[in-house]
1. Hey, any hits in region 55-62 for a residue that's charged (D, E, K, R) and at pLDDT below 95?
2. Take the residues in region 100-132 that are of a type in the set (Asp, Glu) and surrounded by 12 or more Cβ atoms within 10 Å (Cβ to Cβ); name whichever of them is farthest from Asp51 (Cα to Cα).
3. Test Pro45 against the stated conditions and say whether it is closer than 15 Å to Ser141 by Cα, surrounded by fewer than 13 Cβ atoms within 10 Å (Cβ to Cβ) and at pLDDT below 95.
Amino acid sequence: MNPETHPPHQTATFGAGCFWHTEAAFQHLPGVSQTSVGYMGGHFPNPCYLDVLSRITGHAEVAQIVYDPVHLSYDQLLEKFWAIHDPTSLNRQGADRGEQYRSVIFYHTPAQERLARQAKQQLDCSGRYDRAIVTQIQAASNYYLATPDHQQYFARQHSHNRERSVPG
């Protein structure tokens, strides 16, 4: 493919409960070049994990995905997003409770907004859930990267556990 006609990588940002789980669900998809976790959608500048955990900042825990739209469409990312959590559960996923665990799509372009709203409406009308979809759809705002100990958390834990289990 001619590099001059190859579209640049794009960014998608999703909140679907604990950001460790959200990142893990996306990071190995073909077409994903990078993932990170952080905070978005709040009113407090430069929040840290404890700030967000205290529920005073209004931020959601999010995974930010950089992807190649030639190999992975935004619609495919949305399908994965809907599949990895319960979009009818308000401000909680599993045992994690609080506004920081809300279901939210932060769009970066008008096309992403349109696709997210269409997908939400289709899913809401599909009869798949007994309750209404409560996923918020908001314009992307400042993204605050979480500290390194939160990045690729499960991949690092798996690697660390393997190292500990190898006899020396």
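The values are calculated or read from the model by the stated rules, or taken from the named source; none is laboratory data. Worth saying up front: this structure is predicted, and the values here are computed from it rather than measured. FYI the Cβ positions are ideal-geometry reconstructions off the backbone, even for glycines, and counts take in every protein chain you see.
1. The answer is yes, given that some residue of region 55-62 is charged (D, E, K, R) and at pLDDT below 95.
2. Looking at residues that are of a type in the set (Asp, Glu) and surrounded by 12 or more Cβ atoms within 10 Å (Cβ to Cβ), I get Asp124.
3. Details: closer than 15 Å to Ser141 by Cα: yes; surrounded by fewer than 13 Cβ atoms within 10 Å (Cβ to Cβ): yes; at pLDDT below 95: yes.
Yes: the conditions hold for Pro45.
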